[in-house]
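Enquirer: Take this structure, written in structure tokens, and hold onto it; I'll ask about it next.
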Amino acid sequence: MSNELIISSTEEGERIALLQDRRLIEYHTEEKSNAFTVGDIYLGSVKKVNPGMNAAFVDIGHEKDAFLHYLDLGPQIRSLNKYVKLVQNKQQTTPFLDKFSKEEDIEKTGKIQDVLSKQQAILVQVVKEPISSKGPRLSCELSLAGRFLVLVPFSETVSISKKIVAKDERSRLLGMIKSVKPAHFGVIIRTVAEGKELEEIEKDLRSLIQKWELGFEKLITGQPRDKIIGEGSRANTMLRDLLSANFESIQTDSRDVYDDLKEYLRSIAPDAERIIKFHKGPNKLFESAGIEKQLKSLFGKTVSLPAGGYLVIEHTEALHVIDVNSGSTSAKTNTEDQEQTALNVNLEAAREVARQLRLRDMGGIIVIDFIDMRKLENKKLIYDRMKDEMKTERAKYTILPLSKFGLMQITRQRVRPERAIITSEVCPTCNGTGKVQASIVVADTIESSLEFLIDKQNERKLSLALHPFLHAYFTKGLPSRQMKWYLKYKTWTKLVQDSSLALTDFRFSNQAGQAIDLNRG
């Protein structure tokens with residue numbers, strides 16, 4: 001099972017795709033102005049304490065105040081508040097906690113008004129990004145995630161991932177960490193630490209401590225709404241969590257992203273630096289990797305299954321319903337084979353549903369209506385298949401067996417807005433009229449625009465992105481229209497296929513890669 005990470009840069013930010021055996025399983029976008037990412041630590045200001053909800057609303061710079069429940073304060077909240085106050089008053093002169101006098105832990109059943117007060121400065125971490133009309137959700141149980149470890153300030157606990165089951169290995173890792181961890185810092189040992197030597201783990205620990213030290217420096221002069229510690233880019237985070245021996249390649253078309261990833265891999269896994277590749281091909285990266293086509297086919301209301309069945313996916317605010325249909329497979333089936341056909345379609349559907357949950361980042365309650373089956377052993381097969389397909393899932397989830405009505409219920413943690421891509425819409429060219437500009441007129445429009453940009457605006461080395469049909473129209477033949485332009489204007493115009501554009505749409509870019517607004521020209 002090979003993993004590939006594809007990162008394409010746009011004017012708005014980065015588009016990130018994770019492929020497993022060439023199948024798209026995760027898709028993310030990271031806007032350049034993106035803030036309030038899960039893991040970011042802010043210096044907030046308490047705006048309102050609500051005893052009825054046993055919660056507080058905290059200003060961290062979002063248009064909606066962030067939500068902080070009493071249960072998310074963490075037992076060591078008094079120690080954290082004391083630390084923030086001492087640092088800002090310059091009485092705590094070191095980021096280390098060995099000489100820091102901790103306060104008593106709070107009770108689980110306490111009241112928030114006994115811990116927080118209005119206008120109080122508080123260090124908080126984003127655990128859920130803004131979704132819909134809701135602001136971010138916060139926690140005061142701070143944690144800094146590394147590749148092998150998670151560092152937890154003000155805690156004394158050392159815990160090990162439950163997925164590490166060998167007793168000898170658990171004992172080895174426990175003894176190793178206890179010998180190197182700083183005082184008043186807890187550590188969670190991640191699954192990928194299994195089998196790693198002290199040198200690698202200690203290096204990861206040092207990088208996390210350095211991150212805490214940088215946060216300490218910012219906190220000294222920090223003001224409410226300031227980001228104290230950033231989680232890092234989405235691509236770096238994915239590499240940190242997923243990088244393994246079966247990671248085959250990382251491709252990007254951005255020189256800045258390429259350099260950033262090289263530097264990051266050099267710090268966490270120098271041997272993996274060679275897998276990063278810079279895309280220089282004539283076509284856009286997502287086009288050449290086949291991702292654009294997968295996006296269009298996977299994000300619609302209906303998703304096809306390989307053998308002819310299909311899923312219908314419906315969404316509400318907190319509930320998602322997925323209906324499994326046999327489609328064309330039912331036409332090929334005898335009455336006696338209906339049970340086996342239903343089982344085969346359901347097994348395919350289970351695999352695709354697991355991918356869709358991760359791909360769209362669907363959260364809350366998911367109800368799946370599988371095709372009815374009579375045999376209990378077949379129902380168990382579907383349940384087992386779903387559990388097996390969800391093993392690589394990073395979000396927290398719960399799966400219940402099929403009910404007597406053939407329904408399966410899954411709950412999945414949602415920490416980011418659900419990923420949605422519109423795949424069917426009113427035609428941007430005809431505005432729903434069903435009529436588009438004649439192709440020969442579009443060709444004339446492109447040529448007149450090209451003439452204007454070269455002769456009037458003195459542009460050179462232009463790029464023209466257009467639909468594959470138009471691309472073929474301008475590049476086929478001898479001499480092609482593209483070649484005729486070169487002979488006429490004495491400058492080469494690069495043509496780029498882009499299937500995300502409408503049939504008669506096109507877009508010019510200058511030598512620096514910036515889009516040219518023809519309406520302004």
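Enquirer: Going by average Cβ neighbours within 10 Å, how do the peptides 247-259, 76-88 rank, with the highest at the top? Mind showing how you got there, number by number?
Expert: Numbers: 247-259: 17.1, 76-88: 19.3.
By packing density, highest mean first, the sequence is 76-88, 247-259.
Enquirer: Moving to a separate point now. Please compute the modelled spin-label separation between Ala35 and Asp388, points set 7 Å along Cα→Cβ, answer in nm with one decimal.
Expert: The two pseudo-label positions are separated by 4.7 nm.
Enquirer: Related question: What is the gain in length, in nm to one decimal, between Lys218 and Arg206 on full extension, counting 0.36 nm per residue of separation less the C-alpha to C-alpha distance? Walk me through the numbers before you get to the answer.
Expert: On the way: separation 12, 0.36 × 12 = 4.32 nm, distance 1.87 nm.
My answer for the length gained is 2.5 nm.
Enquirer: Can you give me the convex hull volume of the Cα atoms of the chain, divided per residue and expressed in Å³?
Expert: Taking the convex hull of the Cα positions in the chain, it is 213 Å³ per residue.
Enquirer: Once a ≥ b ≥ c are taken as the square roots of the eigenvalues of the Cα gyration tensor of the range 123-210, is the result rounded (a/c under 1.5), prolate (a/b larger than b/c) or oblate (a/b not larger than b/c)?
Expert: Here the range 123-210 falls in the prolate category.
Enquirer: Sticking with this one: Take the solvent-accessible surface of the protein heavy atoms, probe 1.4 Å, and return the percent of it on the range 346-406 that carbon and sulfur atoms account for.
Expert: 54 percent
Enquirer: Something else: To the nearest 500 deg cm²/dmol, what mean residue ellipticity at 222 nm is calculated for the chain from DSSP H runs of n ≥ 4 alone, each contributing -39,500 (n - 2.57), summed and divided by the residues?
Expert: -9000 deg cm²/dmol
Enquirer: If you fit an axis through the alpha-carbon atoms of helix 376-389 and take the longest principal axis of the Cα set of the chain, what angle between them do you get, 0 to 90°, nearest 10?
Expert: Relative to the chain, helix 376-389 is tipped by roughly 90 degrees.
Enquirer: Once the Cα gyration tensor of the range 25-98 is diagonalised, what are the square roots of 5 times its eigenvalues, in whole Å and ordered largest first, as equivalent ellipsoid semi-axes?
Expert: 26, 20, 13
Enquirer: Say the dipole of the chain comes from +1 at the beta carbon of Lys and Arg and -1 at that of Asp and Glu; which of Ser249, Leu305, Ala512 then lies farthest toward its positive end?
Expert: Checking the options against the dipole of the chain, the answer is Ala512.
Enquirer: If you don't mind, another one. Compute the Rg/Rh shape ratio of the range 157-278: radius of gyration over Kirkwood radius, all on alpha-carbon atoms. It would help to have the intermediate numbers written out before the result.
Expert: Numbers: Rg = 16.7 Å, Rh = 16.6 Å.
In the range 157-278, Rg relative to Rh is 1.01.
Enquirer: Can you tell me the length gained on complete extension of the stretch Glu156 to Arg507, counting 0.36 nm per residue apart and subtracting the Cα distance?
Expert: Length difference between fully extended and current span is 120.6 nm.
Enquirer: Let me ask something additional. Considering only protein heavy atoms and a probe of 1.4 Å, how much of the accessible area of the range 98-169 is carbon and sulfur, as a whole percent?
Expert: The C+S portion of the solvent-accessible surface of the range 98-169 is 46 percent.
Enquirer: Find the accessible area per residue for the chain; the probe is 1.4 Å, ligands and nucleic acids are left out, and the unit is Å².
Expert: Roughly 52 Å² per residue, with all protein chains present.
Enquirer: Students often forget the sequence filter, so: which lysines lie under 22 Å Cα-Cα from Lys128 once same-chain residues fewer than 8 apart are removed?
Expert: Hits, sequence-local ones excluded: Lys32, Lys47, Lys48, Lys64, Lys108, Lys211, Lys227, Lys396.
Enquirer: Where in the range 451-474 does the label zone of Ser297 land, with the point 7 angstrom along Cα→C-beta and an amide N cut-off under 19 Å?
Expert: 468-469
Enquirer: Let me ask you something else. Relative to the Cα centre, what is the charge dipole magnitude of the chain, using +1 at the beta carbon of each Lys and Arg, -1 at the beta carbon of each Asp and Glu, and rounding to the nearest 20 debye?
Expert: Details: 78 positive and 71 negative charges, 66 e Å.
The calculated dipole for the chain is roughly 320 debye.
Enquirer: Further, regarding this structure: May I ask you to compute the full-extension gain from Ser304 to Asn458, defined as 0.36 nm times their residue separation minus their alpha-carbon distance, rounded to one decimal in nm? Don't skip to the answer; put the middle values down first.
Expert: Working: separation 154, 0.36 × 154 = 55.44 nm, distance 4.88 nm.
Separation in residues times 0.36 nm, less the Cα-Cα distance, equals 50.6 nm.
Enquirer: What spacing in nm lies between the two simple spin-label points modelled at Thr94 and Gln340, each 7 Å away from Cα in the Cβ direction?
Expert: 7.3 nm
Enquirer: So, one more: Give, rounded to the nearest 20 debye, the magnitude of the charge dipole that the range 113-203 has about its Cα centre when Lys and Arg contribute +1 at Cβ and Asp and Glu contribute -1 at Cβ. Please list the in-between numbers first.
Expert: On the way: 15 positive and 11 negative charges, 60 e Å.
Taking the Cα centre of the range 113-203 as origin, the dipole is about 280 debye.
Enquirer: May I pose another question? Tell me, what is the Rg over Rh of the range 336-419, with Rh the Kirkwood radius over Cα pairs?
Expert: The Rg/Rh ratio comes out at 0.99.
Enquirer: In addition: Toward the positive end of the charge dipole of the chain, about the Cα centre and with charges on Cβ (Lys, Arg +1; Asp, Glu -1), which of Gln92, Ser179, Val192 goes farthest?
Expert: So the residue furthest toward the plus end is Gln92.
Enquirer: Further question: Rounding to the nearest 10 and keeping the result within 0 to 90°, find how far the Cα-based axis of helix 439-451 lies from the longest principal axis of the chain.
Expert: Between helix and principal axis, roughly 70 degrees.
Enquirer: Peptides 475-487, 261-273, 348-360: what's the order by average Cβ count within 10 Å, highest mean first?
Expert: For the peptides 475-487, 261-273, 348-360, the packing ranking is 348-360, 261-273, 475-487.
The values are calculated or read from the model by the stated rules, or taken from the named source; none is laboratory data. Just so you know, these numbers come straight off a predicted model, no measurement behind them. Methodologically, a virtual Cβ is constructed for each residue, glycine included, from the backbone with ideal geometry; neighbour enumeration extends over all protein chains shown. What goes into the accessible areas is simple: the full protein's heavy atoms, side chains included, and nothing from ligands, DNA or RNA. Shrake-Rupley method; radii C 1.70, N 1.55, O 1.52, S 1.80 Å.
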